[in-house]
Amino acid sequence: MQKIFHNQNFTLLSLLLATVFLVLVGCTPEIGDACERSAQCPAGAICDNTVPGGYCTISNCAPNACPDEAICIEFGQRTNYCMRWCESQEDCREGQSCVREAGQSIGYCYLAD
């Protein structure tokens, strides 16, 4: 009887740990996520509150220096930000559009017009 009890405890513990792992992995912040403060963004990123709902980004990025889910976009002559990349509208949050510059195969998520 004790062996069965031990197996049930092990199974419950395994399920609990798997659930916690999935929740933590699913909650890892990324560039482009909504935020209220920078602590909700990936390490080294800031929360841009000028975007409705906030936008996790990295300012003053260099080409090819953004996290995997983002690309460095130049706004104006001296302002670069890591922006969530997209191939279609479905890759972006509600209220944002997949903006694609002429000749580019991928775009970035930005405020919808």
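Listed values, structure above:
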{"read-out": "Shape call, region 31-111: gyration tensor on alpha carbons, a/c limit 1.5", "value": "oblate"}
{"read-out": "Residue-by-residue Karplus 3J(HN,Hα) for region 76-85, coefficients 6.51, -1.76, 1.60, Hz, glycine and proline x", "value": "x, 8, 10, 10, 10, 9, 6, 10, 4, 7"}
{"read-out": "Residue-by-residue Karplus 3J(HN,Hα) for region 106-113, coefficients 6.51, -1.76, 1.60, Hz, glycine and proline x", "value": "10, x, 9, 7, 8, 3, 6, 5"}
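None of the figures in this text is laboratory data; all of them are computed from the coordinates on show. Model, not experiment: these values are computed from the prediction.
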